[in-house]
Amino acid sequence: MVRKILKYGEPVLEQKAEPITDFNDTELSELIADMWETMYAAKGVGLAAPQIGLSKRVSVIDITVGEDESKKIVIINPEIVSTEGKQTGEEGCLSLPGFREPVTRANKITLRAQNEKGETVELVGEELLARAFLHEIDHLNGILFINHLSALKRDIIRRKIKKLQKAGEWE
Ligand code: NI
């Protein structure tokens, strides 16, 4: 089922999400199925559970946007093991539609997470995948990409969003 993607301004997007503890739960597999459906419907490369209003540490990522099934990644309770290098590139977020800004992040990341079965896995991402991993882990900690921008840029975006909210164009 496609769920509503919450936009910036919803408090759940800026809260630290709770760990997943029950992996035998059909609710978890249903949640993940809904997250895939919602992410692909929005043509995104990643989606975190808080973006559909659930404060849980689950994200789905597919930097091929559905082109390659084998590239689908679910990360649950992820932890950063190490990072290397730097990259700067344009970043956007389904919770901040219409806004894209350059963000500097690590170029390579190793993370430890659990998969849908609750097994611990170690994953390595470089370039766009590293960016997606870091963006999604941020979501689970209540951090949005605009938090990585200068205060000035962030204020400009916040003001534009306030105008959109007043016009009823940000719901
Ligand atoms: Ni995002």
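Observations
- Count of residues meeting criterion [within 16 Å of the ligand (Cβ to nearest atom) and either part of a loop (DSSP other than H, G, I, E, B) or of a type in the set (A, V, I, L, M, F, W, C) (or both)] in the stretch 47-70: 14
- Condition broken by SER82, with the remaining ones in (1) closer than 18 Å to THR110 by Cβ; (2) polar (S, T, N, Q); (3) under 13 Å from the mean Cα position of the chain (by Cα) satisfied: (3)
- Being in a strand (DSSP E or B) and surrounded by 13 or more Cβ atoms within 10 Å (Cβ to Cβ) is a property that LEU94 lacks.
- Counting only residues that are away from the ligand (no atom under 16 Å from the Cβ), among the acidic types (Asp, Glu) and either more than 26 Å from LYS72 (Cα to Cα) or assigned to a helix (DSSP H, G or I) (or both), the stretch 107-166 holds 1 of them.
- Breaking point among (1) within 16 Å of the ligand (Cβ to nearest atom); (2) touching a residue at least 24 places away in the same chain (Cβ under 8 Å); (3) more than 16 Å from GLN114 (Cα to Cα), for ASP34: (1)
- Filter result for GLY168 (at positive phi and surrounded by fewer than 13 Cβ atoms within 10 Å (Cβ to Cβ)): yes
Condition check ((1) within 12 Å of the chain's Cα centre (by Cα); (2) β-branched (Val, Ile, Thr)) across all residues:
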site: THR104; (1), (2): no, yes
site: ASN115; (1), (2): no, no
site: LEU123; (1), (2): no, no
site: LEU128; (1), (2): no, no
site: ALA132; (1), (2): yes, no
site: ILE146; (1), (2): no, yes
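- The residue list ASP34, ASP68, ASP62 contains one member that is in contact with an Asp or Glu (Cβ under 9 Å, 6 or more places away or on another chain), crowded, with 16+ Cβ neighbours inside 10 Å and among the acidic types (Asp, Glu), which is ASP62.
- If the condition is being buried (at least 16 other Cβ atoms within 10 Å of the Cβ) and within 16 Å of the ligand (Cβ to nearest atom), then the stretch 75-91 contributes ILE75, PRO78, GLU91.
- Output for the stretch 71-91, where each listed residue is outside any loop (DSSP other than H, G, I, E, B), within 22 Å of GLN51 (Cα to Cα) and either in contact with a Gly (Cβ under 6 Å, 6 or more places away or on another chain) or charged (D, E, K, R) (or both): LYS71, GLU79, GLU90, GLU91
- Residue count for the stretch 7-31 satisfying the condition of being in contact (Cβ under 8 Å) with a residue 60 or more places away in the chain, in a helix (DSSP H, G or I) and over 21 Å from GLY92 (Cα atoms): 2.
FYI, it's all coordinate maths here, none of it is from the lab. Computed from a prediction, not measured in an experiment: that's the story for all the values here. Note that each Cβ is placed from the backbone with ideal geometry, even for glycine, and that neighbours are counted across all protein chains shown.
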